[in-house]
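Q: I have a structure I would like to understand better, so I am pasting it below and will then ask my questions one at a time.
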Amino acid sequence: MSVSADLTVYDRNGQPTLLVEVKKKLGASREWAAQLRRNLYAHGTLPKAKFFLLAMPDRFYLWKQNGADLELKEPTFAVDSQPILNPYFERAGVTADVIDGQSLELIIGSWLAEIMYANRRPDDLGDSERWLVESGLYEAVAGGRFEYEKVV
């Protein structure tokens, strides 16, 4: 069985730079997140990418990585995603505890598009998004493009 990321972000040169897996699970621990990431790499055909993001309604877990690696390791960054996602939830008329998976994917895609295409300077990011700059992810995805998982 072939597995791919829910969203794949390509840099300005067309290379995969960020893989995003979206789960509607609430309260996931760092350990659970690390195991999920390892399992996806062990059982799937994920492309090599500099970053892997596990996006959930209440947490983002980000790994800076050297391609696809099967090592069980904790995320480089663990972030409270609610300050980032709550404005999107409000506009959609949903809450973190009732959103369905497909809607959450669309919201994550909208948020990424704003990061990639809005020409916001790093200084314009709020405190809840400083990790984007600190991790190098902001620069890696700026001006790139993304695709949702292809259904075959």
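The values are calculated or read from the model by the stated rules, or taken from the named source; none is laboratory data. Quick caveat: nothing in here was measured; it's all calculated off a predicted structure. Cβ: placed from backbone, ideal geometry, glycine included. Neighbour counts: every protein chain shown.
Q: Can you name the number of the only condition in (1) more than 13 Å from VAL22 (Cα to Cα); (2) surrounded by fewer than 18 Cβ atoms within 10 Å (Cβ to Cβ); (3) touching a Leu at 6+ places or on another chain (Cβ under 7 Å) that ASP58 fails?
A: (1)
Q: Filter segment 118-133 down to residues that are out of contact with any Phe, Trp or Tyr (no Cβ under 7 Å at 6 or more places or on another chain), assigned to a helix (DSSP H, G or I) and surrounded by 13 or more Cβ atoms within 10 Å (Cβ to Cβ), then give me how many there are.
A: Of the residues in segment 118-133, 4 are out of contact with any Phe, Trp or Tyr (no Cβ under 7 Å at 6 or more places or on another chain), assigned to a helix (DSSP H, G or I) and surrounded by 13 or more Cβ atoms within 10 Å (Cβ to Cβ).
Q: Checking the structure you have, find out if any residue of segment 136-146 is at pLDDT 90 or above, part of a helix (DSSP H, G or I), out of contact with any strand residue (DSSP E or B) (no Cβ under 7 Å at 6 or more places or on another chain) and surrounded by 12 or more Cβ atoms within 10 Å (Cβ to Cβ).
A: yes
Q: Also, quick follow-up: Regarding segment 49-64, can at least one residue be identified that is among the aliphatic types (A, V, I, L, M), within 27 Å of VAL94 (Cβ to Cβ) and in contact with a Gly (Cβ under 8 Å, 6 or more places away or on another chain)?
A: No, segment 49-64 contains no residue that is among the aliphatic types (A, V, I, L, M), within 27 Å of VAL94 (Cβ to Cβ) and in contact with a Gly (Cβ under 8 Å, 6 or more places away or on another chain).
Q: Kindly provide the set of residues from segment 23-33 that are in contact with a Lys or Arg (Cβ under 8 Å, 6 or more places away or on another chain) and under 26 Å from GLY144 (Cβ atoms), ordered by number.
A: ALA33
Q: If we keep just the residues of segment 26-55 that are within 17 Å of VAL79 (Cβ to Cβ) and not hydrophobic (A, V, I, L, M, F, W, C), which is modelled with the lowest pLDDT?
A: Out of the qualifying residues, it is ARG37.
Q: Only one of ASP6, ASP58, ASP69 is at pLDDT 95 or above and among the acidic types (Asp, Glu); which?
A: Of ASP6, ASP58, ASP69, the one residue that is at pLDDT 95 or above and among the acidic types (Asp, Glu) is ASP58.
Q: Another question about this same structure. Would you check if LYS23 is of a type in the set (Lys, Arg) and modelled with pLDDT of 95 or more?
A: Yes; evaluated as a whole, the condition is true for this residue.
Q: Considering each of VAL20, VAL98, VAL9, VAL79 in turn, give the residue that is touching a strand residue (DSSP E or B) at 6+ places or on another chain (Cβ under 8 Å), among the β-branched types (Val, Ile, Thr) and over 22 Å from GLU149 (Cα atoms).
A: VAL79
Q: Search segment 16-48 for residues being closer than 23 Å to ILE107 by Cα and among the polar types (S, T, N, Q), and hand back the single one that is surrounded by the most Cβ atoms within 10 Å (Cβ to Cβ).
A: Among those that are closer than 23 Å to ILE107 by Cα and among the polar types (S, T, N, Q), it is THR17.
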